[in-house]
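The values are calculated or read from the model by the stated rules, or taken from the named source; none is laboratory data. The model shown is predicted, which means the values in this text are computed figures rather than measured ones. Cβ coordinates were reconstructed from backbone atoms using ideal geometry, including for glycine residues, and neighbour counts include every protein chain displayed.
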Amino acid sequence: MSATVRVRATVNGEHRESLVEARTLLVHWLRDELGLTGTHVGCDTTNCGACTVHLNGESVKSCTVLAVQAEGAEVTTIEGLASEGSWHPLQEAFRDQHGLQCGFCTPGMIMAGAALLERNPNPSEEEIRHGLEGNLCRCTGYHNIVAAMKQAAGGDRGASSEEVPA
Amino acid sequence: MSSVGTRMKRKEDPRMVTGLGRYTEDIAVPGMLHAAIVRSPEAHAAITSIDVSVAMERHGVVAVLTGEDMAEDFAAGLAMVWVPPGVEIKTPDHWPLKRGEVKHVGDPVAVVVATTRGQAYDAAEDVIVEYDPKPAVVDPEKALEDGSPLVWESFGTNQTHQWGVSGGDIEAALGEADTTITLRLVNHRTSGAPIEPRCSLAEPRREGMVLYSATQVPHIARFVLGGMLSIPEDKLRVVAPDVGGGFGTKLQVYAEEALVLALAKRLGRPVKWTETRSEHMTTSHHGRDQINVITLGAKSDGTVTGCKAEIIADLGAYQQLLTPFIPTLGFPVMGGCYKFPAIDITITGVFTNKMCTDAIRGAGRPEATYWIELAMDRLADELAMDRLELRRKNFIPKEEFPFETALGIVYDSGDYEATLDKLLENFDLDAFRAEQEELRAKGVYRGVGFSTWVEVCGLAPSRAVGPQGVGLQAAFYESANVRVTPTGSAIIHSGISPHGQGLDTSFAQIAGDILGIDPENVTVLHGDTDQGAWGWNTYGSRSLAVGGEALVRAARRVQEKAKRICAALLEAAPEDIELSDGKYQVKGSPDKSMTMAEISGAAHIPPQELPADIEPGLEESAFYDPENFVFPFGAHACVVEVDAETGKVEVIRYTCVDDCGPAINPMLIDGQIHGGIVHAIGQVLYEQVVYDEEGQLVTGTFVDYALPTAAELPSFETDRTETPSPVNSLGVKGVGEAGTIAATPAVASAVLDALAPLGVKELDMPFTPMRVWEAIQAASGGNGEGPRASEQGRPLDEHGTGASGSGPASPDEGSGT
């Protein structure tokens, strides 16, 4: 039985505090202790990025961060990305552009994409593609994820449900 | 106003983009225990002892059980459901925990149940298992040789079965050919690798059991697991919540599903097991793994006279649900979109000390399409004919549909010229060839590859695929129940079980149009065996062509009843009621109309005027078993650039025209095509499940098994033609696997085209930088042929993978941001 450690962090704007085993990963603290199951585990080796969250505003893979490393930090998960009842533009864009299918990689992809847009509000397609190479998607072939990133960066709305493609 | 045909945004998305999707691993129930599995590190061994005493002493451990301990828990082993008439398939006992011997790395040996996941994993490491290793065989060709180590000594051979099909006189056909070519093509082993790992949670509830599982096939799982565990079907509820991708991997009934059920039954408490990615790579079934030897014969004008294929299929160590059937699933299109008068196919299944193969996206059809299309390329080269002209010469003309192939399969509809013509409108081949020539002069090697493809999907029909047909011990109809609520919303129960396809949306569009209800107010429910009718679930690109048509039939019945109610209340004849702009109105009298909400209100709270012979309520069901498969088709072009210095291949353009009949939601079709193409690009360029010669798995994580990332890919240019299928009233064909089936040969052909001026004529996938570089070196060394390698059983240091990160191994790995 490993030692327990107290972890206190602001998660999605709320103060959260737990006693955890020292080895507890941030993703397991979020999912198992705090019930924030929008952050997913896909690979265990920091390849897939399904577990991406923001730690003090930077995107991190929460399967490679110990919960105790979040001590005193601000953590934002997919559940906390919307503000005042409005989705983040990237959440809208993922829906508009069909940037998700099974939805499992989506929270991590959106968190990684949102952090990328924070750093670089107007990325080129190449910058988008390289910026998201730490996040794997098996459904979309990334085409519509890139389109969603472009939409969110450009601020325009995608095809509405009435429009038929040219 | 029709919703069908529009890009309606998905009903699934709001929960998924906000983190409110609910996947099996997200479900926690009170008192839940966690299971961890002790797995074999040996490829082939006798278990000599298992000591669980230290593990049992660990804090939090509730149970540690071995295969022998659980012998009484299972009435039957894992199922294999193919019984082809006249062919015996060697099928060993396949228990969820192994007894006596292990047959591949990862074979489950014992299970630990503890209060927390961490405790279970800690204790699993303390289970001491002693093995007496036995010789392993990993190369399927060597496994067929006399004197090979045997995976199952009791069978006396590693050959599982041989299955063949033939039409026309192949010997005469090849005899009359002016030219014949023979190719040996390896379709290597891959993993489905959905990003959601498998997960199963069994919960004792009331008198029965609930199993939540990341599965594509909840109804089939209940059927099989109920039998294995002697649980009557009414006492076993299987729920597939949100499922994070399947790709065939989750078209399976797995040992771990049976195990958590047995453990929950024994312990009277809920038990959850979640796969690690390494467990996925070792014990979620693999796909492909065929060696194909193809012969095509043709007259000097390019008319193909016959096609012969000898296929060795590496099935791994056991038979899972459809393991031996998967190569056979490709047979209806082993002839492609061409008018081959004679076709002869022989498939030989082989046991090896590896995980079983089974369905992975395309399942038999990408393999077949790969060898057909590459063989057509080679034949064209041999005849000094243009590759596309050879294809056109042999296309089944559109006037001849429905077309019966030499194998007796009836292709429903097609216009192969039209998709190729449209592709060449979108892709200027002459301009490409000119640019290619210019760039070659500068040492830049680009290539283009084409695939004109047809596939068979919409599994169903039961008569063709079931016990009296090909021999699957199942049926393949689909069901739907449509219920309109008193206030005019609709609840649909469907037997399909989607896992990313967007069918909550497309089915709502279909039903909404037929019922006269806004699709936003149509909810589609599925994936729960306690809800709705029996279904055969989602795989084989069948959901729309089979489940969609069942939905149409149920919805039309509801519409008919709605018309009768409306007619009675508006004092008109039922045949004079028409649905227009969402209103049921009397023909010619648009002022006399009712909405579905008004009609359904009357159906549920009947007014006096409603005749007594109209039953209350507004709900209908339908079952639908098609008369035939459906046959989507299209034409794809891929452009790659090969760096001759490093061997790195980059896809720089991808253009395609696909035909899956009239679109229900074009946005969803494009999405399926994009994903399908990338699944193929993964196989052709990056992905391979590799075992070394000892049967050790080399590619055990995403560090070694390289899925494509956004950085390796271009955006895609998709286009469509719409040729309706006569098989169903929507005219639709499947699209979930099409991209993968189409793109595998297109990408490979592009690489070979780029390599041609470097002297490389043949090379097996995956075209990793090392393999391409070696082929270029070997060719420049003068032998003109690339290295020939099936990879299976090559020494570890020759694999050339192992770069860090999930992207492809390449010399400039890590230079990106």
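Some observations on this one:
- Residues that are at the interface with chain A (Cβ under 8 Å from one of its Cβ atoms), charged (D, E, K, R) and out of contact with any helix residue (DSSP H, G or I) (no Cβ under 6 Å at 6 or more places or on another chain) occur in the range B:25-39; there is at least one.
- Residue selection: B:ALA173 fails the criterion of being within 30 Å of the chain's Cα centre (by Cα) and either at positive phi or in contact (Cβ under 8 Å) with a residue 12 or more places away in the chain (or both).
- When the criteria are applied in full, B:ARG440 fails the requirement of being in contact with a helix residue (DSSP H, G or I) (Cβ under 8 Å, 6 or more places away or on another chain) and without any contact (Cβ under 8 Å) to a residue 60 or more places away in the chain.
- Of all residues in the range B:401-423, those satisfying the criterion of being part of a helix (DSSP H, G or I) and touching a residue at least 12 places away in the same chain (Cβ under 8 Å) are B:TYR416, B:GLU417, B:ALA418, B:THR419, B:LEU420, B:LYS422, B:LEU423.
- For the range B:193-223, the set of residues classified as within 14 Å of another protein chain (Cβ to nearest Cβ), assigned to a loop (DSSP other than H, G, I, E, B) and touching a helix residue (DSSP H, G or I) at 6+ places or on another chain (Cβ under 8 Å) consists of B:ALA193, B:GLU196, B:PRO197, B:ARG198, B:ALA214, B:THR215, listed by residue number.
- Yes/no for B:ASP126 being among the charged types (D, E, K, R), surrounded by fewer than 20 Cβ atoms within 10 Å (Cβ to Cβ), within 14 Å of chain A (Cβ to nearest Cβ) and over 28 Å from B:VAL689 (Cβ atoms): yes
- Filtering the range B:240-275 to residues that are closer than 16 Å to B:GLU196 by Cα, touching a Leu at 6+ places or on another chain (Cβ under 8 Å) and not charged (D, E, K, R) leaves B:LEU251, B:GLN252, B:TYR254, B:TRP273.
- The conditions of being surrounded by fewer than 24 Cβ atoms within 10 Å (Cβ to Cβ), in contact (Cβ under 8 Å) with a residue 24 or more places away in the chain, within 14 Å of chain A (Cβ to nearest Cβ) and touching a Pro at 6+ places or on another chain (Cβ under 8 Å) are not met by B:THR249.
- B:ALA240 being within 14 Å of chain A (Cβ to nearest Cβ) and small (Gly, Ala, Ser): yes
- Considering each residue of the range B:732-751 in turn, none proves to be outside any loop (DSSP other than H, G, I, E, B) and acidic (Asp, Glu).
- Condition check for B:THR48: of a type in the set (Ser, Thr, Tyr) and under 34 Å from the mean Cα position of the chain (by Cα): no
- Annotation note: Cβ proximity below 7 Å between a residue of the range A:119-135 that is at the interface with chain B (Cβ under 7 Å from one of its Cβ atoms) and in a loop (DSSP other than H, G, I, E, B) and a residue that is buried (at least 17 other Cβ atoms within 10 Å of the Cβ) and of a type in the set (Ser, Thr, Tyr) (sequence gap 6+ or interchain) occurs for A:GLU133/B:THR709.
- Sole residue being farther than 24 Å from B:GLY287 by Cα, of a type in the set (S, T, N, Q) and at pLDDT 95 or above, chosen from B:THR190, B:THR182: B:THR182
Conditions tested, residue by residue: (1) in contact (Cβ under 8 Å) with a residue 40 or more places away in the chain; (2) among the small types (Gly, Ala, Ser).
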position: B:VAL456; (1), (2): yes, no
position: B:GLY469; (1), (2): no, yes
position: B:ALA475; (1), (2): yes, yes
position: B:THR485; (1), (2): yes, no
position: B:GLY488; (1), (2): yes, yes
position: B:ILE492; (1), (2): yes, no
position: B:GLY495; (1), (2): yes, yes
position: B:GLN501; (1), (2): yes, no
position: B:PHE507; (1), (2): yes, no
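- Residue check: B:LEU78 meets all listed conditions (1) under 29 Å from B:LEU267 (Cα atoms); (2) more than 25 Å from the chain's Cα centre (by Cα); (3) crowded, with 20+ Cβ neighbours inside 10 Å but one, namely (2).
- Residues that are of a type outside the set (S, T, N, Q), touching a Lys or Arg at 6+ places or on another chain (Cβ under 9 Å) and free of Cβ contacts under 8 Å to residues at least 12 places away in the same chain do occur in the range A:32-46.
- Residue ranges of helices (runs of 4 or more DSSP H) in the range B:109-192 with at least 1 members of a type in the set (S, T, N, Q): B:117-125
- Residues that are closer than 30 Å to B:GLN696 by Cα, outside the structural domain of B:GLU367 (by TED's automatic domain parsing) and of a type in the set (Ser, Thr, Tyr) are absent from the range B:164-185.
- Scanning the range A:74-106 for residues that are surrounded by fewer than 24 Cβ atoms within 10 Å (Cβ to Cβ), more than 9 Å from chain B (Cβ to nearest Cβ) and outside any loop (DSSP other than H, G, I, E, B) yields a total of 5.
- Among all positions in the range B:257-271, there is at least one residue which is under 22 Å from the mean Cα position of the chain (by Cα) and acidic (Asp, Glu).
- A single entry from B:ALA743, B:ALA710, B:ALA706 fulfils the requirement of being under 30 Å from A:MET149 (Cα atoms), within 14 Å of chain A (Cβ to nearest Cβ) and touching a Leu at 6+ places or on another chain (Cβ under 8 Å): B:ALA710.
- Here B:SER489 meets each of (1) within 30 Å of A:THR140 (Cα to Cα); (2) surrounded by fewer than 22 Cβ atoms within 10 Å (Cβ to Cβ); (3) hydroxyl-bearing (Ser, Thr, Tyr) with one exception, condition (1).
- Some residue of the range B:109-122 being in the same structural domain as B:VAL260 (by TED's automatic domain parsing) and under 25 Å from B:ILE220 (Cα atoms): yes
- A Cβ distance below 6 Å, combined with a sequence gap of six or more or placement on separate chains, defines the contacts here; from the range B:204-222, residues that are within 22 Å of B:GLY500 (Cβ to Cβ) reach residues that are aromatic (Phe, Trp, Tyr) and buried (at least 24 other Cβ atoms within 10 Å of the Cβ) in the pairs B:GLN216/B:TYR539.
- Every pair of residues 6+ apart whose Cβ atoms lie under 6 Å, when the first sits in the range B:618-636 and is in a loop (DSSP other than H, G, I, E, B) while the second is surrounded by 22 or more Cβ atoms within 10 Å (Cβ to Cβ) and charged (D, E, K, R): B:ASN628/B:ASP412; B:PHE631/B:ASP412; B:PRO632/B:GLU455; B:PRO632/B:LYS733
- Residue within the range A:107-125 that is in contact with a Cys (Cβ under 7 Å, 6 or more places away or on another chain) and surrounded by 22 or more Cβ atoms within 10 Å (Cβ to Cβ) present: yes
- All conditions in (1) out of contact with any strand residue (DSSP E or B) (no Cβ under 8 Å at 6 or more places or on another chain); (2) surrounded by fewer than 24 Cβ atoms within 10 Å (Cβ to Cβ); (3) of a type outside the set (A, V, I, L, M); (4) in a loop (DSSP other than H, G, I, E, B) hold for B:TYR539, with the sole exception of (2).
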